[in-house]
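The values are calculated or read from the model by the stated rules, or taken from the named source; none is laboratory data. The model shown is predicted, which means the values in this text are computed figures rather than measured ones. Note: ideal-geometry Cβ built from the backbone for every residue, glycine included; neighbour counts use all protein chains shown.
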Amino acid sequence: MAKMNKKWVVLCSTAIAAVYVAGYWTTEIDKTNVLINTDYSSPSVSSSTLEGDSPQVSDSQSQVSTKYNNGTYIGMGSNRRGTIQVTVAIKNDRITDVEISDFAMHYSIDDVIGMPEEVLKIQSANVDNVSGATYSTRAFSDAIQDALNQALRA
Amino acid sequence: MKKAKLFMDTIVQIEAHSGNEMSDDELDSCINKAFDAFRLVERACSRFSPDSELMQACRRIGEATAISPYLFEPLKFALEMAEWTDGSFDPAIGQLLESKGFNRHYLTGERMNSNVDGSATYRDIELSEANRTLCLHKPLILDLGATAKGFATDLAARELSGCAGFVVNAGGDLYAGGTNEQGDKWTIGIREPNIANGILESLSISDAAVCTSGSYERRSEGDEGEHHIVRPATGKSPNEWVSCTVIAPYAMMADAFSTAAFAIGGEEGIALIADAGLQGLILTSNSRIKRIGGI
């Protein structure tokens with residue numbers, strides 16, 4: 001390996017170590033990440049329920065009105081390859097987790113990730129995994145929106 | 001055991017097996033911790049959330065701010081690459097990407113429209129190693145699209161290192177550790193987007209990262225020929241290559257080198273990978289394959 005390789009390798013290994021040395025891993029794990037936009041509108045989603053006048057319920061702990069009930073909701077969406085199912089966890093109006101839960105059922109995980117079907121066949125036949133350009137998650141918007149609709153405070 | 005979740009606008013798939021050393025519960029817990037790596041890095045580095053550590057830092061100009069290692073480390077790596085490539089790779093291009101329509105949050109649909117003039121470069125970003133602080137000398141929007149996902153993949157791999165074998169596949173970024181359940185190295189295909197049944201090459205990998213930067217999945221909605229990899233000097237997307245794959249000991253390294261080489265292109269882009277002693281595979285737009293490092 002060329003000499004320059006070593007510099008980049010050291011940068012990577014110290015980067016990983018920095019997270020653990022600082023103790024960040026254990027202390028910051030349960031903060032949530034994505035704020036749900038209050039005026040969400042996606043062109044691909046029928047959002048009548050979102051635009052409706054859902055009553056704002058006061059959250060006694062945080063003293064702010066919330067739009068969604070905390071909890072875990074299953075959302076369905078579909079594309080030309082079939083149905084997509086996601087499990088969306090919501091806490092304090094934030095999406096904390098989106099698991100693709102469909103593949104344990106009728107469809108394989110590979111059917112829903114937006115890859116060309118021919119690649120999927122190869123993947124299952126000859127290789128364990130495929131590296132390609134980053135796939136977009138657009139196909140999941142409907143399923144996530146479906147879950148959010150269920151979580152709306154009625 | 002196989003699980004998939006959405007992070008960073010991509011599907012993160014983790015497959016791991018314990019080789020009978022762990023219970024299913026222990027294995028499940030390792031996989032969940034690996035997903036947490038993506039959660040933490042995304043929360044720190046997202047350009048699409050106003051409340052991410054990155055976007056909060058972008059609102060403070062001219063003052064040094066302490067930042068967590070989840071932001072500091074991938075930013076530091078990106079700055080090293082910016083220096084190394086003399087700005088052909090630049091983490092200050094967030095505003096340019098926003099203006100090309102790469103500004104939509106994948107979960108909320110919300111779009112970011114930042115009001116900065118876009119003249120800033122990586123030279124306006126100052127990191128202090130001693131204080132672990134960031135100071136921006138001009139208004140700019142950071143973009144860590146080429147290092148944050150790789151960094152999260154490396155952290156996930158560390159969480160899974162007790163497993164006999166695992167693959168973390170985050171779209172373009174992949175790390176394969178140990179062996180598959182048959183005890184063989186993992187076979188990793190590199191996608192050939194132009195051809196049906198398209199696999200450019202099949203690789204045998206153990207304890208290594210593979211990252212492919214390509215122009216074919218994330219196209220600009222507005223501009224013909226534009227995609228999410230941009231040459232800072234011209235503000236345009238290079239199109240002489242279709243994809244650039246790099247194999248490296250770390251995913252952050254593979255990610256940054258494949259993206260930087262794609263942005264530079266030509267013999268110079270190939271030299272970037274070769275000079276670092278890495279292996280690479282490039283598919284050009286006239287369907288030629290270029291091999292680097294004896295792949």
message: Checking residue B:111 against (1) under 20 Å from the mean Cα position of the chain (by Cα); (2) surrounded by fewer than 20 Cβ atoms within 10 Å (Cβ to Cβ); (3) at pLDDT below 95: exactly one of these is not met. Which one?
response: (1)
- line: All conditions in (1) part of a loop (DSSP other than H, G, I, E, B); (2) among the hydrophobic types (A, V, I, L, M, F, W, C); (3) under 26 Å from residue B:72 (Cβ atoms) are true of residue B:246 except (1)
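State yes or no: is residue B:73 within 11 Å of chain A (Cβ to nearest Cβ), under 25 Å from residue B:260 (Cα atoms) and among the acidic types (Asp, Glu)? Break it down stepwise before answering.
Details: within 11 Å of chain A (Cβ to nearest Cβ): yes; under 25 Å from residue B:260 (Cα atoms): yes; among the acidic types (Asp, Glu): yes.
Considered against the rule, which asks whether it is within 11 Å of chain A (Cβ to nearest Cβ), under 25 Å from residue B:260 (Cα atoms) and among the acidic types (Asp, Glu), residue B:73 comes out as yes.
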task: Would you be able to tell me the number of residues in region B:193-215 that are buried (at least 19 other Cβ atoms within 10 Å of the Cβ), in a strand (DSSP E or B), of a type in the set (Gly, Ala, Ser) and within 9 Å of chain A (Cβ to nearest Cβ)?
output: 2
- request: Within region B:89-129, track down each residue that is in contact (Cβ under 8 Å) with a residue 12 or more places away in the chain, touching a strand residue (DSSP E or B) at 6+ places or on another chain (Cβ under 7 Å) and more than 23 Å from residue B:62 (Cβ to Cβ).
  value: B:103, B:104, B:107
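Looking only at region B:216-238, which residues are part of a loop (DSSP other than H, G, I, E, B) and closer than 20 Å to residue B:82 by Cβ? Show your work before the answer.
As a first pass, look at region B:216-238 and keep what is part of a loop (DSSP other than H, G, I, E, B): B:216-218, B:220-226, B:228-230, B:232-235, B:237-238.
Passing the criteria: B:228, B:229, B:230, B:232, B:233, B:234, B:235, B:237, B:238.
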task: Please specify each residue of region B:58-70 satisfying the condition of being more than 9 Å from chain A (Cβ to nearest Cβ) and either acidic (Asp, Glu) or in contact with a helix residue (DSSP H, G or I) (Cβ under 7 Å, 6 or more places away or on another chain) (or both).
output: B:63, B:65, B:67
The lone exception for residue B:78 - which of (1) out of contact with any His (no Cβ under 8 Å at 6 or more places or on another chain); (2) among the aliphatic types (A, V, I, L, M); (3) away from every other protein chain (no Cβ under 13 Å) it fails: (3)
query: Here are some residues: B:260, B:208. Which one is modelled with pLDDT of 95 or more and within 14 Å of residue B:176 (Cβ to Cβ)?
result: B:208
query: Of (1) at the interface with chain A (Cβ under 9 Å from one of its Cβ atoms); (2) in contact (Cβ under 8 Å) with a residue 40 or more places away in the chain; (3) not acidic (Asp, Glu), residue B:263 satisfies all except one. Which?
result: (1)
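Pull up region B:5-54, narrow it to residues that are under 12 Å from residue B:169 (Cα atoms), β-branched (Val, Ile, Thr) and under 16 Å from the mean Cα position of the chain (by Cα), then point me to the one that is farthest from the other protein chains (Cβ to nearest Cβ).
Applying the first criterion (under 12 Å from residue B:169 (Cα atoms)) to region B:5-54 yields B:5-7, B:10-16, B:34-35, B:38.
Filter once more, so that each one left must be β-branched (Val, Ile, Thr): B:10-12, B:14.
Those still in the list that are under 16 Å from the mean Cα position of the chain (by Cα) too: B:10-12.
Details: B:10: 5, B:11: 5, B:12: 9 Å.
That would be B:12.
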- line: Residues of region A:1-17 being modelled with pLDDT of 95 or more and within 7 Å of another protein chain (Cβ to nearest Cβ), in sequence order, are A:8, A:9, A:11, A:12, A:15, A:16
query: What residue, among those in region B:170-192 that are facing another protein chain (nearest Cβ under 7 Å) and surrounded by fewer than 22 Cβ atoms within 10 Å (Cβ to Cβ), is nearest to residue B:254 (Cα to Cα)?
result: B:187
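Could you grab me the full set of residues in region B:26-47 that are out of contact with any strand residue (DSSP E or B) (no Cβ under 7 Å at 6 or more places or on another chain) and among the hydrophobic types (A, V, I, L, M, F, W, C)?
Looking only at region B:26-47, we keep the residues that are out of contact with any strand residue (DSSP E or B) (no Cβ under 7 Å at 6 or more places or on another chain), and these are B:26, B:28-29, B:32-33, B:36-37, B:40-41, B:43-47.
Once the filter is applied, which keeps residues that are out of contact with any strand residue (DSSP E or B) (no Cβ under 7 Å at 6 or more places or on another chain) and among the hydrophobic types (A, V, I, L, M, F, W, C), region B:26-47 yields B:37, B:40, B:41, B:44, B:45.
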